[in-house]
Amino acid sequence: MKNAVVTGAARGIGYAAAEKLLAAGHRVVLVDLSDRVEESARVLSRDHARAVQADIRDQAQVKALMQRVADEFGTVDIVVNVAGTAHRDSFEETTLEHWYADVDTNMTGTFLMCQAAVFPYMKRQGSGRIVNIASVSGKVGGIGPVYDDGSGGRTGIAYAASKAGVINMTRWIAKEVGKWGITCNAVLPGPILTDMTKGHAYDLSALPVKRWGTPQDVAEAVEFLSRDSSSFITGTCLHVDGGLVMA
Ligand SMILES: NC(=O)c1ccc[n+]([C@@H]2O[C@H](COP(=O)([O-])OP(=O)(O)OC[C@H]3O[C@@H](n4cnc5c(N)ncnc54)[C@H](O)[C@@H]3O)[C@@H](O)[C@H]2O)c1
């Protein structure tokens, strides 16, 4: 049994990742800004799931979270960074407030979680698995249609830029931590039906696999990259996108 920390786990992809890691036999600490995380952990498992309400943008809270996991369970083995926000404003209408909202959560929050997990815990253990949920938006400059009137819901510039940051941060970290037995990989979902995407237009007919992805589709990739046996895979981008982006 490994100790896993999953952020954004109150709902959606984070919840599915927590569920999958529990099913794989791990202990899982579900982390979220929302107090709904308590109920999510209760529903999943009374024995092996814990809930922590925390803001990943806050370095003190992130460090306290890792310390708590290490104190209570001994090791920090798997960290899955799922928490994220997505604004969909046009280029012209992107405010600084929305820019910082996506960059602070998606990029800075993920950086803080990775740093606090590696130093000192994973480095000292000589092992660890980090899985960062980026997005194909971070590779292709946003996904979703944009109609002539500007509507359509393509993921916004701040979101796409922040997810590109997560992809390159993942590679950078992978180069640094491999010598300590730690891998760091990114999972890049395409359109996955969750609260984040509900009500927004996506051209599913353009996908080779013509359906919405599910949070469970993403959780499969997360669990695969979290295995001990995935030790030679690092710095990679695993697309879970129905074939939307093939590069
Ligand atoms: N749904 C998709 O189609 C899709 C596609 C590509 C990438 N993603 C990425 O997957 C991740 C999860 O997406 P989802 O669709 O499940 O979204 P969601 O909105 O359903 O869940 C996101 C969760 O993150 C939490 N969160 C937000 N800010 C936080 C913070 N500062 N600290 C702690 N928790 C915080 C929220 O409370 C929420 O529970 C996000 O990073 C998203 O960008 C989603």
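Numbers for the structure displayed
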item	result
Of all residues in region 73-96 being touching a residue at least 40 places away in the same chain (Cβ under 8 Å), within 25 Å of Asp148 (Cα to Cα) and away from the ligand (no atom under 16 Å from the Cβ), the one that is surrounded by the most Cβ atoms within 10 Å (Cβ to Cβ)	Thr94
Enumeration of residues in region 192-234 that are among the β-branched types (Val, Ile, Thr), assigned to a loop (DSSP other than H, G, I, E, B) and modelled with pLDDT of 95 or more	Thr194, Val209, Thr214, Ile233, Thr234
Residue in region 112-119 that is within 13 Å of the ligand (Cβ to nearest atom) and under 15 Å from the mean Cα position of the chain (by Cα) present	yes
Of all residues making up region 210-223, the number that are out of contact with any helix residue (DSSP H, G or I) (no Cβ under 6 Å at 6 or more places or on another chain) and closer than 27 Å to Gly128 by Cα	4
Qualifying residue in region 185-195 (condition: within 28 Å of Ala117 (Cβ to Cβ), in contact with a helix residue (DSSP H, G or I) (Cβ under 8 Å, 6 or more places away or on another chain) and of a type in the set (Gly, Ala, Ser))	yes
Residue tally, condition crowded, with 19+ Cβ neighbours inside 10 Å and either in a strand (DSSP E or B) or within 12 Å of the ligand (Cβ to nearest atom) (or both), over region 34-53	6
Extreme residue, surrounded by the most Cβ atoms within 10 Å (Cβ to Cβ), among residues of region 190-216 that are more than 6 Å from the ligand (Cβ to nearest atom) and hydroxyl-bearing (Ser, Thr, Tyr)	Tyr202
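The values are calculated or read from the model by the stated rules, or taken from the named source; none is laboratory data. Keep in mind that what you see is a predicted model, and the values were worked out from it rather than measured. Here Cβ is always computed from backbone atoms with ideal geometry, including for glycine, and neighbour counts include all displayed protein chains.
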